[in-house]
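In what follows, a single structure is set out as structure tokens and then discussed.
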Amino acid sequence: MAWEPVIGLECHVQLRTRTKMFCGCPVAFGSEPNTNVCPVCLGLPGALPRTNAAAVAHALRLGAALGCRLREHSVFARKNYFYPDMPKNYQVSQYDRPLCEGGALSVTVEGAARAVRLTRIHLEEDAGKSFHPERHGDRRLSRVDFNRAGVPLLELVTEPVLRSPEECALFLSALRRLVRWLGLSDGDMEKGQLRCDANVSLRTPGTARLGTKTEIKNLNSIKAVERGLRAEIARQAVLLDAGERVVQATLLYDADQDRLAVMRTKEQAHDYRYFPDPDLPVLEADEAARTHALASLPELPWAREARFRDALGLPAYDAAVLTESRELSEYFEASAPPAHAKLASNWVMNEVLRVLKERSWDVGDWAVRVPAARFADFLGRVAARELPGPVAKQVFSWLPDESGPVSEILARHGVVVASGDDELRPLVRAVMDEQPAAVAQLLAGEEKPFGFLVGQAMKKSGGQAVPEVLRRLLREELAARSPRP
Amino acid sequence: MTATAPWQRSAREIATAVRAGRLAPAEVAEAGFAGPGARWEREVHAVLAADVSARAVAAAAAPRDRSLAGVPVLVKDNLCTVDHPTTCGSRILEGWRSPYDATVVRRLREAGAVLVGKGNMDEFAMGSSTEFSAYGPTRNPHDLTRVPGGSSGGPAAAVAYGLVPIALGSDTGGSVRQPAAFCGVYGLKPTYGRLSRYGLVAFGSSLDQVGVFARHVGDVAAVYEALAGPDPFDASSRCGAPPDVRDWTAGVRGLRFGWPENLWREGVDGAIVAALERAASSLERAGAIRVPFEFLPGRYAVATYYLLATAEASSNLARFDGVRYGLRHRAADLGELYSGTRGRGFGPEVRRRILLGTYALSSGYHDQYYGKASAARTRIAAEYRAAFGHGDFMLLPATPTLPFRLGEKTGDPLAMYLSDVFTLGANLAGIPGLSVPMGLEPGGLPVGVQLLGPADSEPVLLRAARAIEMDGEPARIASAEEREPAWPGSR
């Protein structure tokens with residue numbers, strides 16, 4: 001029997017702030033364990049939290065970008081449970097009055113835009129990191145690093161509106177693009193900067209009632225989201241097909257083994273005993289703060305993507321690739337010559353991205369070496385047919401490693417481009433004289449030797465001729481020699 | 001014993017002498033521990049930790065040109081200090097040393113005060129008698145068979161017997177005002193948020209407030225002035241400049257005070273009722289106007305308080321788990337490490353309140369208990385606000401009884417909880433309260449009364465307390481000024 005999966009995601013985004021959510025410790029990765037800590041994030045007796053305004057501003061910006069309702073008064077609440085990497089044995093989070101509610105993030109599924117409705121976005125603090133039992137002589141020790149404890153986390157919860165693992169993967173990609181675009185987070189899933197839990201249940205297509213759900217934790221890459229969900233959907237389908245029931249449970253996904261393991265069932269579920277954190281005042285986001293959040297937004301990725309498609313006339317695929325990151329889209333716009341968007345897009349997508357991949361650079365690394373103005377100069381020459389294809393490729397290969405304007409680079413390498421008719425016509429004639437057989441074939445209506453003759457002429461020019469000019473001259477010369485009807 | 005022995009002087013006298021170079025901070029700091037002080041401490045047990053070398057270092061470092069220059073001070077053991085352990089009267093923090101000073105401790109040091117040690121207390125401030133300290137009870141200096149009150153019994157007793165002129169406690173439901181009344185000293189619980197809670201080990205965060213003990217109204221004002229004010233490290237601290245208390249001698253002429261007589265028609269000790277009448281007379285002689293009114297500050301205040309305080313405590317005390325600091329019960333698995341550590345580390349009253357609070361927040365009971373208590377709190381606070389429509393402040397008992405005997409209530413938690421009935425309203429409403437000593441009753445036990453005022457009324461409360469302190473008849477014999485030269489041991 002066919003079952004319809006109903007999926008909701010809970011995504012955690014580590015915010016890129018200078019300091020932690022409730023204290024002044026730096027947010028840094030790769031430091032020595034337990035060096036970025038203080039009484040507050042270690043939960044020492046007597047220490048009190050104080051809210052990081054930058055984290056709140058980040059969350060408001062994301063909420064504004066996604067069209068959420070931004071609450072004027074939201075409340076931090078304590079989520080109580082014991083775990084050794086949680087210093088206070090409660091997590092400061094938000095419960096019944098989150099910072100943002102509603103809103104939607106649009107994803108393109110099989111060419112069609114689909115708005116994934118959101119439940120809420122709220123702020124909370126991250127926990128430390130446990131390193132599980134290690135042998136020390138005859139003892140087994142677990143160790144905890146609290147550098148991550150208190151790092152600002154943003155939790156975004158979707159409504160149960162996703163219908164396939166593929167959709168979930170697209171949603172996560174879109175979310176990652178957005179948080180990077182807004183400069184909220186690096187969104188690196190490998191570093192745990194973007195994490196995802198999924199709630200999934202199955203039902204008969206066309207029915208409204210939801211089945212019993214399970215929660216899958218630890219979906220820490222886009223691939224893991226797809227594979228973990230696929231495995232769980234298959235598992236639930238087998239149960240339901242056999243007439244059995246799905247037991248409400250929390251599962252852990254092990255990406256290395258591609259396996260799901262039951263962490264706890266409903267009977268063992270935590271009672272988090274939420275209540276408003278008396279140490280933190282109500283979080284106020286007044287009209288001015290909300291207006292500012294909205295006003296401070298850049299052109300959003302989906303708007304820019306649409307503009308690239310509709311105003312610049314780029315194919316949907318190009319528009320999507322170029323707006324994958326804000327930096328790339330901005331570099332593209334700054335370097336594309338007017339009216340030659342597609343040409344610029346080809347160069348950026350095929351050549352620039354290839355170099356980035358080869359050298360493991362990001363757009364910034366490239367832009368430092370090839371400022372947009374220089375690349376614009378280059379593309380302008382290509383568009384004006386001043387640089388023939390092979391020459392252009394050659395010049396492009398010099399760009400990231402050499403400095404100075406394009407004209408200087410050309411001079412440095414002695415690149416002289418031949419494009420004048422007077423220069424090239426004798427060349428074409430000479431080739432035609434050397435290859436009478438080919439000319440005869442062409443005059444007889446065969447097209448095949450045309451390329452061969454152009455190639456010969458190019459060779460004679462030392463590779464410096466503009467091929468379009470050679471082709472045009474060859475056509476003209478052929479026409480001149482053809483017997484008039 | 002001369003009237004000028006350093007331990008007998010007020011904090012302001014000491015500071016004046018130190019500023020003038022007539023007195024050395026180290027000398028004052030040791031004075032209370034020498035001679036009769038040492039004898040008294042053996043009996044009373046007000047102090048948990050008092051390190052002589054830490055005192056010497058603190059005395060040497062104290063600036064000598066400030067308002068509290070060289071003034072020795074004892075702080076309750078739930079205030080974090082770098083130079084003495086901070087145990088909260090609990091085994092679970094035995095020997096734990098804070099890497100930082102509480103903001104109020106830092107401000108005391110900046111004002112020139114010298115920390116001489118840490119005061120005994122009911123474990124994690126849970127109790128009304130200081131009998132729930134894991135390190136043994138404190139006794140009332142006026143009668144060693146009786147309790148000093150609690151939970152700040154140590155600091156209150158230390159000020160009463162003369163170890164120090166001032167001390168800090170914490171007041172979550174009366175833990176400063178009740179022991180002040182039991183020990184015959186002043187005890188101020190300021191408006192919620194006026195004194196930073198940073199470094200005060202939390203019990204009920206929305207109720208906790210650092211409080212001041214002293215033997216003189218002027219000393220209370222001086223300490224308040226040195227400590228009050230916003231703290232960027234405490235998000236719950238009150239914004240803006242604190243009220244100016246420098247006019248604590250300005251008198252009460254024309255002020256109106258509420259007289260909610262119905263509160264003590266029954267269940268209040270006759271000596272306390274008599275003290276209330278004396279205090280009211282003193283205020284009237286000073287020109288204040290008595291305004292009798294019926295006050296029913298929420299029949300459910302005690303229940304409301306114990307639900308909220310225990311709910312917050314159950315979460316606040318979760319961090320004591322043996323993982324990062326304090327006592328650790330070595331165990332084979334995590335669950336056992338937690339239960340072993342907490343089972344052995346916490347005493348019976350703390351365990352009881354953690355269980356109560358956990359229950360009050362549990363799913364299925366949350367709305368019924370925590371939710372209802374939160375709503376009740378809002379109403380109770382409104383009732384207090386309305387009461388101050390009758391006057392600038394009100395006069396009422398601090399406690400229903402005189403100091404009770406050790407062991408009298410430890411077996412009956414509910415009876416113990418009811419000793420907070422007159423004090424916990426101020427914590428629920430976030431308003432200031434001041435316990436005023438009214439001398440000794442015929443049996444020789446201290447009697448106190450309480451002043452309550454609206455938020456930020458500390459100046460008014462201090463002026464009223466000063467008017468009572470100044471009045472010669474008939475409270476004179478029992479006033480703090482009079483009693484002070486008589487070391488309690490000589491009684």
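The values are calculated or read from the model by the stated rules, or taken from the named source; none is laboratory data. Keep in mind that what you see is a predicted model, and the values were worked out from it rather than measured. Cβ atoms come from the backbone with ideal geometry, glycine included; neighbour counts cover every protein chain shown.
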**Complete:** When B:GLY95 is run through (1) touching a Phe, Trp or Tyr at 6+ places or on another chain (Cβ under 9 Å); (2) modelled with pLDDT under 95, the failure sits at (1)
**Request:** Only helices (runs of 4 or more DSSP H) wholly contained in the range B:387-477 count here; list those with 2 or more residues that are over 23 Å from B:ALA375 (Cα atoms).
**Result:** B:413-418, B:458-470
**Request:** Taking B:ARG109 as the residue in question, decide whether it is more than 14 Å from chain A (Cβ to nearest Cβ) and either more than 25 Å from B:ALA24 (Cα to Cα) or not acidic (Asp, Glu) (or both).
**Result:** yes
**Request:** Spot the failing condition for A:ASN80; the list is (1) within 14 Å of chain B (Cβ to nearest Cβ); (2) at pLDDT below 95, and only one is missed.
**Result:** (2)
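Under the condition of being outside any helix (DSSP H, G or I) and in contact with a Lys or Arg (Cβ under 8 Å, 6 or more places away or on another chain), which residue from the range A:381-402 is modelled with the lowest pLDDT? Don't jump to the end; show me each part of the working.
Within the range A:381-402, the subset outside any helix (DSSP H, G or I) is A:384-388, A:402.
Imposing the further condition that a residue be in contact with a Lys or Arg (Cβ under 8 Å, 6 or more places away or on another chain) reduces the set to A:387, A:402.
Details: A:LEU387: 83, A:GLU402: 92.
Only one residue tops the list, namely A:LEU387.
Can A:ARG273 be described as charged (D, E, K, R) and more than 30 Å from B:ALA375 (Cβ to Cβ)?
For A:ARG273, the condition - charged (D, E, K, R) and more than 30 Å from B:ALA375 (Cβ to Cβ) - is not met.
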**Unique residue being touching a Pro at 6+ places or on another chain (Cβ under 8 Å), crowded, with 24+ Cβ neighbours inside 10 Å and at pLDDT below 95 when the list is B:PRO148, B:PRO190, B:PRO141** = B:PRO141
**Asked** Just one of the numbered conditions (1) outside any loop (DSSP other than H, G, I, E, B); (2) touching a residue at least 24 places away in the same chain (Cβ under 8 Å) is not true of B:PRO297; which one?
**Response** (1)
**Fill in**
Inside the range A:259-271, the number of residues satisfying the requirement of being in contact (Cβ under 8 Å) with a residue 40 or more places away in the chain and over 34 Å from the mean Cα position of the chain (by Cα) is 1
**Message:** Within the range B:331-347, does at least one residue satisfy the condition of being of a type in the set (A, V, I, L, M), more than 13 Å from every other protein chain (Cβ to nearest Cβ) and outside any helix (DSSP H, G or I)?
**Reply:** no
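Residue by residue, here is whether (1) buried (at least 24 other Cβ atoms within 10 Å of the Cβ); (2) of a type outside the set (S, T, N, Q); (3) at pLDDT 95 or above holds:
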residue: B:ARG42; (1), (2), (3): no, yes, no
residue: B:HIS45; (1), (2), (3): no, yes, yes
residue: B:LEU48; (1), (2), (3): yes, yes, yes
residue: B:VAL71; (1), (2), (3): yes, yes, yes
residue: B:ASP83; (1), (2), (3): no, yes, yes
residue: B:LEU115; (1), (2), (3): yes, yes, yes
residue: B:ASP122; (1), (2), (3): yes, yes, yes
**Fill in**
B:GLY127 fails exactly one of (1) at negative phi; (2) assigned to a loop (DSSP other than H, G, I, E, B); (3) buried (at least 20 other Cβ atoms within 10 Å of the Cβ), namely (1)
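Go through the residues of the range A:29-39 one by one and say whether even a single one is acidic (Asp, Glu) and closer than 23 Å to A:LYS129 by Cα. Explain how you work it out, then say what you get.
Restricting attention to the range A:29-39, the residues satisfying the condition of being acidic (Asp, Glu) are A:32.
Then keep just the ones that are closer than 23 Å to A:LYS129 by Cα; that gives A:32.
Checked the range A:29-39: at least one residue is acidic (Asp, Glu) and closer than 23 Å to A:LYS129 by Cα.
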**Fill in**
Reported set for the range B:390-429 where residues are over 19 Å from B:ARG379 (Cα atoms), at pLDDT below 95, buried (at least 20 other Cβ atoms within 10 Å of the Cβ) and of a type in the set (A, V, I, L, M, F, W, C) is B:MET416
**Fill in**
Residues of the range A:42-69 being within 14 Å of chain B (Cβ to nearest Cβ) and part of a loop (DSSP other than H, G, I, E, B), in sequence order, are A:LEU42, A:GLY43, A:LEU44, A:PRO45, A:GLY46, A:ALA47, A:LEU48, A:PRO49, A:ARG50, A:THR51, A:ASN52
**Asked** When you go through B:TYR135, B:TYR100 one by one, which is the residue that is closer than 27 Å to B:ALA31 by Cβ, of a type in the set (Phe, Trp, Tyr), in contact (Cβ under 8 Å) with a residue 60 or more places away in the chain and surrounded by fewer than 24 Cβ atoms within 10 Å (Cβ to Cβ)?
**Response** B:TYR135
**Message:** Being aliphatic (A, V, I, L, M) and closer than 24 Å to A:ALA54 by Cβ is true for just one of A:ALA285, A:ALA249, A:ALA261, A:ALA255. Which residue is that?
**Reply:** A:ALA285
**Prompt:** Among the residues of the range B:262-276, which ones are surrounded by fewer than 17 Cβ atoms within 10 Å (Cβ to Cβ) and in a helix (DSSP H, G or I)?
**Reply:** B:ASN262, B:GLY270, B:VAL273, B:ALA274
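Which of the following residues is hydroxyl-bearing (Ser, Thr, Tyr) and touching a helix residue (DSSP H, G or I) at 6+ places or on another chain (Cβ under 8 Å): A:SER93, A:SER106? Before you say what the answer is, go through the steps one by one.
Working: A:SER93 fails: touching a helix residue (DSSP H, G or I) at 6+ places or on another chain (Cβ under 8 Å).
Going through A:SER93, A:SER106 in turn, just one is hydroxyl-bearing (Ser, Thr, Tyr) and touching a helix residue (DSSP H, G or I) at 6+ places or on another chain (Cβ under 8 Å): A:SER106.
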